[in-house]
Amino acid sequence: MNRRNFSKLIGATAFLPAFIQPPFNLLKLDAKQTNGEIKFLPDELYGRKLSAEEKIWLENFYKNYEKSKAELQNIELPIELLPAFIPKYPMKSSRTKKQTDED
Amino acid sequence: MNRELLFKTIPELAKLLKAKKLSPVELTKSYLSVIEKFSQKLNAFATVTPELALSEAKVAEAEIVNGNYRSKLHGIPYAAKDLFALKGYPTAWGSNVFKGQIFDYDAEVVKRLRNSGAIIVGKAAMSELAGGPPFATATGACKNPWDLNRWSGGSSSGSGAAVAAGLCTFALGTETWGSIMTPSSYCGVSGLRPTFGRIPRTGAMPLSWSMDKIGIMARTAEDCAIVFKEIIGESSDDPFSINAPFNFNRKKLLERISQLKLCYVREDYENFGEVEVGKAFEAALNVFKTFGVKIEELALPDYPYETIATTIIVVEEASIFEGLVRGGRVKDLIDPERRGEMLGGHTISAVDYLKCLRLKQKMMYDFDKIFEKYDAILGSSTLTTAPPVEAKMSEVFKGGNVIEAAENILGIPAISVPCGFDKKKLPIGLKIIGKHFDEKTILELATAYQNATTWHKMHPDLK
C-alpha cells in the first residue's frame, strides 16, 4: 500500500459512520448524560446508606433542581469577579513577613 | 371587652398607657382572653405564655405608675415567632423533630424588647424549620383570620395571623425568602423586613446565615418603625450584625416624598397571579402619583435569581441541619419535599454554591446602579391572595415575583402594606423596596401611603 492509497482509505474510513450505523447499543447513551441532567445520586451520605424512601425524596429534589443546576453551569463568570470574602493580594502588610522578622 | 382597643396602633396605646388611662395588666389580660378564644381556631400560637406575660405586665404597670416610662413599647403585648429562644419555654421551630427543645437564654431581640418594656404573650406558630407548604408545621396549618379555609402564609404564619386577628399589637417574624412579605400580604398587616444585619439574630434558629433577617409585623408602617428602632444595632454574638443610623420622621412627610424618584416592577398577573392583585397595584401606583413623585418602570437585570436563592438556602440549611441527615432524623420532617431538599443540599457542589455568592456580588453592583437612579422600588408583595389551606406549594407560588428572590439575596429592606381586597374579601399587599440601610425612606413612603388610604384600618370579623 503506497501513501496515496493509504490516504484514500483513511478518508473513506472517516465517512464510514455516515453509511454504516454502529450497533444500536453503542449509541444508546444514558438519557441523563445526553440532555445534561444530573447523573449523580449517592447511595449514602455521611457513611450512612440511604433508605429507599430517602432515595425517592432525593430524586424528587433533583427533578426540581436540575433546571437550576443547568442554569448555573451555563453562566461563565469573569475571572476577576472574586467572592467578596476573599481579600485582594498582595495584602498591605504581610503578617507572615512580620512573624518571620520577630523570629 | 373592647375589641377596638386590641386593634389600636402602638402610638395610640402608648399615649393611653403613658397617661395611666390604660393599665398594662388590663391590656395584657384582654389580649390573653382573645388568644384563648381564637388561637386554636387559627393555630396561631405554638405556646402561649400567660404567667410570664402577666408578671411582665405587673412590672410594667409599677414602673409606669412610678414615672419610669421606658419607651413607646412599655406595656405593649407582642408575640415572637417560635424560632426565637425564650428562656424556660419550648422553642420547637415549628417541627416535631425539635419538640420539647428548651433554651436557657433569651434571644437578643427578646432581651431588647424586654428592656423596652414590651410584654411577650406567646410564641407564634411557624412553618417547619421556616419553610414549606401550609401543612408543614407541628402546630397544624395556620389559618387566615380573613377566611378560616385559607392559609395565613409562611413561614411567619402565626405572627401574621395573630396581628391580623388582634391577638397582639405586633409580632416578630423572620424572612429568608418571603417569610415576612407573604404572611403580611395574605393577612393584611404591615410587615417590615429590614436590611440584612440590621437586627442581630442571636438566639434565633438559623436557616441560611447569609440570608436570614429578623423583621416586624404590625398594624402600620409607623408601628414597625417604632419596634425597629428598639431592636436594631450590633450584637457581639452575631458577627453579621451592624450599627447604622435610623431617623424615621413623620413630620413634613409629603414635602420630602415629593422629591423622591420611584420605579416599579411590572408583573405578569395573568399567568403567575391574579388580575385583581394587579389592579390593586395599579391603584396604589396612582396614590403615589398624587404625592408628586416620579415613577418609572424598571427592567430587572438578567440573573437566575430564584436559582441563586434556592442554591444558597438549600446548601446552608443542609449544613446547619447536617445532624438530621447524619442521624437519619430527616425522615421525621413533615414535608417530603423538604426531606429531599435537606438530603439534596449535601450533594450540591461547592463550586456551584460559590458561583452563587460571586453572582450575588455582581448583582450588588447592578442594584447599586438602580438605587443611584431611584429611591425605592414598588411591587406586589405576593401575586395572589391567600390560597386554600390544602394548597400545594406549586399552586401557592406559581412563579413571577422574581424580585423577591433578588431582594433576599442582596439583603435589601422592604415593607409590605395592605393595598386592597379581592372579590373574596382577602387582603392584597403592596411592597416598597429600598436600598441597603435605608429603612427610613420605605417606612416614610409606606406611612404616607397609609395616611392617604384606609386598607390597614380594616380588620377581620372573627367570631
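Here is how the numbers come out for the structure above:
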{"quantity": "Residue within segment B:397-404 that is assigned to a loop (DSSP other than H, G, I, E, B), touching a residue at least 24 places away in the same chain (Cβ under 8 Å), more than 20 Å from B:Q259 (Cβ to Cβ) and among the basic types (K, R) present", "calculated": "yes"}
{"quantity": "Every residue from segment B:351-369 that is within 18 Å of B:E439 (Cα to Cα) and crowded, with 17+ Cβ neighbours inside 10 Å", "calculated": "B:F367"}
{"quantity": "Any hit, segment B:376-392, residues being within 17 Å of the chain's Cα centre (by Cα), more than 30 Å from A:I75 (Cα to Cα) and not in a helix (DSSP H, G or I)", "calculated": "yes"}
{"quantity": "Residue match in segment B:336-350 (condition: more than 8 Å from chain A (Cβ to nearest Cβ), over 28 Å from B:T453 (Cβ atoms) and surrounded by fewer than 20 Cβ atoms within 10 Å (Cβ to Cβ))", "calculated": "yes"}
{"quantity": "Extreme residue, farthest from the other protein chains (Cβ to nearest Cβ), among residues of segment A:27-54 that are farther than 26 Å from B:E306 by Cβ, assigned to a helix (DSSP H, G or I) and at pLDDT 90 or above", "calculated": "A:A52"}
{"quantity": "Tally, over segment B:299-339, of residues that are touching a Gly at 6+ places or on another chain (Cβ under 9 Å) and assigned to a loop (DSSP other than H, G, I, E, B)", "calculated": "4"}
{"quantity": "Selection count where residues are within 21 Å of B:L383 (Cα to Cα) and among the charged types (D, E, K, R), scope segment B:183-222", "calculated": "1"}
{"quantity": "Test: residue in segment B:24-31 that is without any contact (Cβ under 8 Å) to a residue 60 or more places away in the chain and out of contact with any Leu (no Cβ under 8 Å at 6 or more places or on another chain)", "calculated": "yes"}
{"quantity": "Qualifying residue in segment B:64-73 (condition: more than 24 Å from the chain's Cα centre (by Cα), more than 17 Å from B:V48 (Cα to Cα) and not in a loop (DSSP other than H, G, I, E, B))", "calculated": "yes"}
{"quantity": "Residues (crowded, with 23+ Cβ neighbours inside 10 Å and of a type outside the set (D, E, K, R)) located in segment B:390-407", "calculated": "B:N401, B:A406"}
{"quantity": "Pair list, Cβ < 8 Å and 6+ apart or interchain, from segment B:444-456 residues that are closer than 20 Å to B:L426 by Cα to residues that are of a type in the set (A, V, I, L, M) and surrounded by fewer than 17 Cβ atoms within 10 Å (Cβ to Cβ)", "calculated": "B:Y449/B:V287; B:T453/B:V287"}
{"quantity": "Unique match (being among the aliphatic types (A, V, I, L, M), buried (at least 24 other Cβ atoms within 10 Å of the Cβ), touching a Phe, Trp or Tyr at 6+ places or on another chain (Cβ under 8 Å) and modelled with pLDDT of 95 or more) among B:A165, B:A161", "calculated": "B:A165"}
{"quantity": "Some residue of segment B:310-327 being more than 21 Å from B:T176 (Cβ to Cβ) and not assigned by TED's automatic domain parsing to the domain that holds B:G399", "calculated": "yes"}
{"quantity": "Evaluation of B:F288 against (1) of a type outside the set (S, T, Y); (2) farther than 24 Å from B:P427 by Cα; (3) more than 11 Å from every other protein chain (Cβ to nearest Cβ) (one fails), failing number", "calculated": "(2)"}
{"quantity": "Flag for B:K251 being assigned to a helix (DSSP H, G or I) and of a type outside the set (A, V, I, L, M)", "calculated": "no"}
{"quantity": "Filter result (over 22 Å from B:I242 (Cα atoms) and assigned to a loop (DSSP other than H, G, I, E, B)) within segment B:438-454", "calculated": "B:T453, B:T454"}
{"quantity": "Filter result for B:K435 (in a loop (DSSP other than H, G, I, E, B), basic (K, R), over 17 Å from the mean Cα position of the chain (by Cα) and more than 25 Å from B:A162 (Cα to Cα))", "calculated": "yes"}
{"quantity": "Residues being β-branched (V, I, T), within 21 Å of the chain's Cα centre (by Cα) and assigned to a helix (DSSP H, G or I) - total across segment B:1-52", "calculated": "2"}
{"quantity": "Any chance B:S319 is surrounded by fewer than 20 Cβ atoms within 10 Å (Cβ to Cβ) and away from chain A (no Cβ under 11 Å)", "calculated": "yes"}
{"quantity": "Of the criteria (1) crowded, with 17+ Cβ neighbours inside 10 Å; (2) assigned by TED's automatic domain parsing to the domain that holds B:D147; (3) at pLDDT below 95, which one B:L410 fails", "calculated": "(3)"}
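Yes/no matrix, rows are residues, columns are (1) surrounded by fewer than 18 Cβ atoms within 10 Å (Cβ to Cβ); (2) under 27 Å from B:K29 (Cα atoms); (3) assigned by TED's automatic domain parsing to the domain that holds B:I313:
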{"site": "B:S185", "(1), (2), (3)": "no, no, no"}
{"site": "B:V189", "(1), (2), (3)": "no, yes, no"}
{"site": "B:L207", "(1), (2), (3)": "no, no, no"}
{"site": "B:D223", "(1), (2), (3)": "no, yes, no"}
{"site": "B:E230", "(1), (2), (3)": "no, yes, no"}
{"site": "B:K261", "(1), (2), (3)": "yes, no, no"}
{"site": "B:F272", "(1), (2), (3)": "yes, no, no"}
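The values are calculated or read from the model by the stated rules, or taken from the named source; none is laboratory data. Not measured: the values here are computed from a predicted model. Cβ sites come from the backbone with ideal geometry, for glycine too, and all protein chains shown count toward neighbours.
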